[in-house]
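Visitor: Mind looking over this structure? Questions follow.
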Amino acid sequence: LPGVVHIVDDDISFRTAIQRRLQLAGYDVITYSSAQDLLERLPDEETPSCILLDVRIPKLSGPELQRHLGELGSTLPIVFLSAYADVQTTVQTIKAGAEDFLIKPVNSDLLLKAIEDAIARSEGLRKHRSALDAQRAQLATLTPRERQVFELVVRGKLNKQIAHELGSTERTIKAHRQKVSEKMKVKSLAQLVSIAERLGILAQSSESDPTPIV
Amino acid sequence: MVMRPLVKVCLAVVVYFLTLANATAAEHKRVLILHSVGREFRPWNEYAKHMRAELDRQSPWPLDVQEHSLVAARSADPNPEPPFVDYLRALYGEQQPDLIIVVGAPAANFIQRHRKDLFATAPMVFTTVEQRRVRMSELTEYDTVVAVIHDFRFLFESFLRIVPDTKTVAIINGDSPNERFWQGEMRRELKPLEDRIEIIWYDKFSYEDLLKQTAALPPHSAIFWYQMIVDGAGVAHEGDRALTRLYQTANAPIFSHDDAFYGRETVGGPMHSALAGSKRAAAVAMRILGGEKAGDIKTPPSNFGPPRYDWRQLQRWRISERLLPPGSQIDFREPTAWEVYRWQILLVSSVLLFQALLITLLLHERGRRQHAEVQSRQRMSELARVNRFSTAGELTASIAHEINQPLGAIRVNAETVELMVKSGAPDIHEVREIVADIRRDEERASNVILRLRSLLKKVPFEVRDTDFNELVSETIYLLSGLAIGRQVELRTALSIVPLPVKGDPIQLQQVILNLIVNAMDAMSNLPVAERRITIRTVRDNDVAEVSIADRGPGIPPDNLKQVFEPLFTTKTGGMGMGLSIARTIVEAHRGQLSAENQPGSGALFRVSLPLA
């Protein structure tokens, strides 16, 4: 699986060596001499890619860059590569979502495996993200009335209840439900609930509805 | 009228003295001393002197002494004799002397010839004469003899005993009748010694020639001085000048038979004593003057006195004192420096001794101090090394980083090139590039290890010429990893002129290391962006200076003085040795380490070392 690897290391020698090896393995490589450098040229998240990050780099350190990227909403998997690993740093970075933590000098196979995994994850994330985007787009096609019906349906309300709540007839609600199912391309109520869950709709307005789900 | 009593007194005094003079005149003893060859001749001058002194000393009566010299004794010429006899008769014909002392053989012969004409009944003492020179048969009842015996053989043997290797003896004896007589006597007496020594005579030589001869005597020679009244050329020699000149030119020791010649030139030995002889003669004279009949006084002839030696001559001729006959007396021993300057020597040597003692003590102290200094330097070195270890511990992370970085690159590069080669058609240009990279990285890793090893290796304090700038940049390099880890920015401003100093590079590096690590520690609570250390080197006249400034909280004014004290620390994990060791090292390099607070914020440490 080809992809792009972003290498952040202040050591040009090491940077070049890794670049060579990864290119030989078929990856595209972009190098950065500092954390600042990467922040200025943020990587494209749409291609399968990962960041190979040194812990000790001047000014902004590796873990700090990880935090910054998190704040910026980046989801690129990060593989840490350090010449010296203390337990504290390792734990901290892994907890913050690092894909892997490797120690220099690193075995190529180990490095390539980590990169492969990271890129695969990146690819998975990308796919997940695009599926989500498609569902959001479908959601956007719903009329306000259909959206209201959708939100109530996924909370397990019966047609009668919904009709009562929205001041409509049971038959009209039924028609809306039909429309929603078509637009959201689902065949069952379970599927619809799952989408709502993923798009965060259930969480959004659960508090506004005191009605218990029986 | 006033004068009259005074004149009377004067007259009375004169009369008194005249009567006194008359009274003593009645008791006066008139003594005539007849010398052989004049009073200036050695040895008779000594005898004459002692004789007069002894007479005066022993006599209870006032003496009226007349002295005459028989000058004619110098030659065999009888012509001057009759007028001299007439002269004596004129003087003493009317009034015979109470006593006549005849000194020496020529005078004895003369007086014996003319006794009847001149002094028929006057008592006579013949003295300073060898018994052989008195005609015993012609002695009258008014004569007595106080003679000596010359035992030449004994004399020579005594000398040969103290200088056993003597082979030649030069005999100094003149050519006057008396001297000729003695030459005959000596030849006869010394005959038994002929197989032991060769005897040389100079009686026919002028004295000048004699001096030349005796100046070049063969080795193992000696000179026997008998007398020199008239030399072979007929020249008379007065006083002691002849002997003195001989002494000055001769190349052999001189010995003699009479102590009149003793005291400067001669070695000594058994000798007749002028003083003892004169004493005996004077004693006899007193008995005669006291009324005893001269003919009744029999004095046995006296032999040589106990041997005496001139210490200076013994020294000059290297004659061992052990060879001297038992009971010998050594004269003129030059007082040793000890005898003359005893107190001075005692004082000086005690001062010297004291001084030496003091010096020894001081040297000992100095040795101890040096030893202590060496030890303290050793301790300092050891402590400094321990401190370096602890610093190295702190540096572990950055050192691992420094080493693993190139190692990581090497491994990846190696694997890459391996793959490329395996693939069959490697890009040779790239392979070459990779291999070059591997070599460079390997060098890098080795350098780090080398630096670390030199920092930690146990080396004695060693002074070398080094450049302070180089030292500082080296240290900063060593710390760059730590600086990254600690997220501290190191700013350097090194002087462009070189800073040559003399010192132990490792220890000096340690000083800078300690100061920079200290500065990092001081800023650990600061936001990352503010953590900055400025390292500056400057040359100020003959001083090289490095300053290390941080932006931390600085040193509380109360602590400014204590920061360099051992075990003083404000850090939770600190030992309190870093700065103390740094200062000790700097001071061992005759430099200074000081701390101050900067006007803005932060502390500034300054190391100054004398330029080499």
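The values are calculated or read from the model by the stated rules, or taken from the named source; none is laboratory data. Model, not experiment: these values are computed from the prediction. Glycine also receives a Cβ, built like all others from the backbone with ideal geometry; neighbour counts cover every protein chain displayed. SASA here: full protein model, heavy atoms, side chains in, ligands and nucleic acids out. Shrake-Rupley method; radii C 1.70, N 1.55, O 1.52, S 1.80 Å.
Visitor: What is the percent carbon and sulfur in the accessible area of the protein assembly as shown, measuring with a 1.4 Å probe over the protein chains and ignoring ligands? List each step's numbers first, then the result.
Guide: Details: 23640 of 42690 Å².
Heavy-atom surface of the protein assembly as shown belonging to carbon and sulfur, 1.4 Å probe: 55 percent.
Visitor: Let me ask something else about it. How would you classify the stretch A:82-130 from its alpha-carbon gyration tensor, with a ≥ b ≥ c the square roots of the eigenvalues: rounded for a/c under 1.5, else prolate if a/b is greater than b/c, otherwise oblate?
Guide: Working: a/c = 5.04, a/b = 1.48, b/c = 3.40.
Oblate.
Visitor: Cα centroids of the stretch B:88-143 and the stretch A:1-57: how far apart, whole angstrom?
Guide: After rounding, the separation between the Cα centres reads 153 Å.
Visitor: Something else: Cross-link partners among aspartates and glutamates for residue B:293, C-alpha distance below 20 Å, same-chain residues fewer than 8 apart left out?
Guide: B:27, B:98, B:138, B:141, B:143
Visitor: Estimate for me the total accessible surface buried between chains A and B (protein heavy atoms, probe 1.4 Å, no ligands or nucleic acids), in Å² to the nearest 100. Show your work: numbers first, answer last.
Guide: On the way: alone 12290 and 32660 Å², together 42690 Å².
Between A and B, the summed buried area is about 2300 Å².
Visitor: Once R0 is set to 56 Å, what does the formula 1/(1 + (r/R0)^6) return for the Cβ-Cβ distance between residue B:94 and residue B:201, expressed as a FRET efficiency to the nearest 0.05? Before the final figure, lay out the partial values.
Guide: Numbers: r = 48 Å, r/R0 = 0.85.
That gives a FRET efficiency of 0.75.
Visitor: Please compare each pair in B:191/B:298; A:59/A:104; B:49/B:167; B:49/B:116 to a cut-off of 25 Å on the Cα-Cα distance and tell me which ones are over it. Intermediate results must be reported in sequence, preceding the final value.
Guide: Working: B:191/B:298 32 Å; A:59/A:104 21 Å; B:49/B:167 37 Å; B:49/B:116 29 Å.
Those over the limit are B:191/B:298; B:49/B:167; B:49/B:116.
Visitor: Another question, if that's okay. Report the local net charge at residue B:371: Lys and Arg +1, Asp and Glu -1, summed over other residues whose C-beta lies under 13 Å from its C-beta. Before the final figure, lay out the partial values.
Guide: Working: positive: B:366, B:368, B:369, B:377, B:379; negative: B:365, B:373.
Spelling it out: positives minus negatives among the neighbours equals +3.
Visitor: To the nearest whole number, what is the average tally of beta carbon atoms from other chains within 10 Å of the beta carbons of peptide A:103-115? Let's see the in-between values first.
Guide: Details: counts 3, 11, 11, 6, 3, 7, 1, 0, 4, 1, 0, 0, 0.
For this peptide, the per-residue mean of nearby foreign Cβ atoms is 4.
Visitor: Could you tell me which of rounded, prolate or oblate describes chain B, using a ≥ b ≥ c as the square roots of the eigenvalues of the alpha-carbon gyration tensor, with rounded for a/c under 1.5 and, failing that, prolate when a/b is larger than b/c and oblate otherwise?
Guide: On the way: a/c = 6.23, a/b = 3.40, b/c = 1.83.
Taking the square roots of the gyration eigenvalues as a ≥ b ≥ c, chain B is prolate.
Visitor: Once you list every other residue whose beta carbon is under 15 Å from the beta carbon of residue B:491, what net charge do they have if Lys and Arg are +1 and Asp and Glu are -1? List each step's numbers first, then the result.
Guide: On the way: positive: A:59, B:486, B:531, B:532, B:536, B:551; negative: B:489, B:530, B:550.
Value of the local net charge: +3.
Visitor: Same structure, new question: Any chance you could check the Cα centroid distance between the stretch B:412-435 and the stretch B:24-68 for me, in angstrom?
Guide: 140 Å
Visitor: Next up: List the residues whose amide H sits under 5 Å from the amide H of residue B:532, counting only those 5 or more places along or on another chain, with H placed 1.01 Å from N in the peptide plane.
Guide: Residues meeting the amide H criterion: B:489, B:551.
Visitor: To continue, here is another question. Rounded to the nearest 10 degrees, what's the angle between the helix B:578-588 long axis and the longest principal axis of chain B, both from Cα atoms, 0 to 90?
Guide: For B:578-588 against chain B, the angle is about 30 degrees.
Visitor: Assigning unit charges at the beta carbon (Lys, Arg +1; Asp, Glu -1) and nothing else, what dipole magnitude in debye, to the nearest 20, does the protein assembly as shown show about its Cα centre? Each step should come with its number before you reach the end.
Guide: Values: 101 positive and 102 negative charges, 376 e Å.
In total the dipole reaches around 1800 debye.
Visitor: Each residue of the stretch B:422-433 in turn: what ³J(HN,Hα) in whole Hz from Karplus with 6.51, -1.76, 1.60 and θ = phi - 60°, glycine and Pro shown as x?
Guide: Per residue, the Karplus-derived 3J(HN,Hα) values read 4, 5, x, 10, x, 7, 4, 4, 5, 4, 4, 4 Hz.
Visitor: Select from chain A the helices, each a whole stretch of DSSP H, whose alpha-carbon atoms run 15 Å or more along the helix axis and whose Kyte-Doolittle mean is at least -1.0; answer none if there are none.
Guide: Numbers: long enough: A:12-24 (18 Å, -0.06); A:108-141 (49 Å, -0.37); A:170-183 (20 Å, -1.81).
Correct list, ordered by number: A:12-24, A:108-141.
Visitor: Taking every residue in A:24-31, how many Cβ atoms of other protein chains lie within 10 Å of its Cβ, on average? Don't skip to the end; give the middle numbers.
Guide: Details: counts 7, 2, 0, 0, 0, 0, 0, 0.
Mean shielding by partner chains, rounded to a whole number: 1.
Visitor: What is chain B's relative contact order, in percent, from Cα pairs under 8 angstrom and six or more apart in sequence?
Guide: On the way: 943 pairs, mean separation 56.4, N = 612.
Over chain B, the number comes to 9 percent.
Visitor: Name the shape class, rounded, prolate or oblate, that the alpha-carbon gyration tensor gives for the protein assembly as shown, where a ≥ b ≥ c are the square roots of its eigenvalues, rounded holds for a/c under 1.5, and otherwise prolate holds if a/b is larger than b/c and oblate otherwise.
Guide: Verdict is prolate for the protein assembly as shown.
Visitor: Follow-up. What is the antiparallel percent of DSSP beta bridges lying wholly in chain B, to the nearest 5?
Guide: On the way: 28 of 73 bridges.
If I count the DSSP bridges inside chain B, around 40 percent turn out antiparallel.
Visitor: Here's a follow-up. Name the residues whose placed amide hydrogens come within less than 5 Å of the amide hydrogen of residue B:36, ignoring near sequence neighbours (fewer than 5 apart) on the same chain.
Guide: Close amide H contacts, sequence-distant or interchain: B:70, B:103, B:107.
Visitor: Lysines within cross-link reach of residue A:185: Cα-Cα under 21 Å, excluding same-chain residues under 8 positions apart?
Guide: Correct list for residue A:185: A:127, A:157, A:174.
Visitor: Can you give the accessible area per residue of chain A, in Å², using a 1.4 Å probe?
Guide: Details: 11150 Å² over 214 residues.
In whole numbers, chain A has 52 Å² accessible per residue.
Visitor: Once phi is turned into θ = phi - 60°, what whole-Hz ³J(HN,Hα) does the Karplus curve with 6.51, -1.76 and 1.60 give for every residue of the stretch B:323-340, x standing for Gly and Pro?
Guide: 7, 5, x, x, x, 5, 9, 10, 9, 6, 4, 5, x, 6, 3, 4, 5, 7
Visitor: Also: Taking the 0 to 90 degree range and rounding to the nearest ten, how far is the long axis of helix B:105-118 tilted relative to the main principal axis of chain B, both from C-alpha atoms?
Guide: Helix B:105-118 and the main axis of chain B meet at about 20 degrees.
Visitor: Which whole-number value in Å² is the accessible area per residue of chain B, probe 1.4 Å? Please report the intermediate quantities before stating the final value.
Guide: On the way: 31540 Å² over 612 residues.
Averaged over the residues of chain B, the accessible area is 52 Å².
Visitor: Using per-residue counts of other Cβ atoms within 10 Å, averaged over each peptide, order A:191-200, A:110-119, B:398-407, A:16-25 from highest down.
Guide: Working: A:191-200: 15.4, A:110-119: 19.3, B:398-407: 23.2, A:16-25: 21.0.
So the order, starting with the most tightly packed, is B:398-407, A:16-25, A:110-119, A:191-200.
Visitor: OK, next. When we measure straight from the Cα of residue B:502, which lysines land under 28 angstrom away, once same-chain ones fewer than 8 places off are left out?
Guide: Partners within reach: B:457, B:458, B:561.
Visitor: Per-residue ellipticity at 222 nm for the protein assembly as shown, helices alone: DSSP H runs ≥ 4 residues times -39500 (n - 2.57), over residue total, nearest 500 deg cm²/dmol?
Guide: Details: 26 runs with 410 residues, N = 826.
Only helices count here, giving -16500 deg cm²/dmol.
Visitor: So who's got an amide H within less than 5 Å of the one on residue A:30, skipping anything under 5 residues away but keeping other chains? H placed 1.01 Å off N, in plane.
Guide: A:5, A:6, A:7
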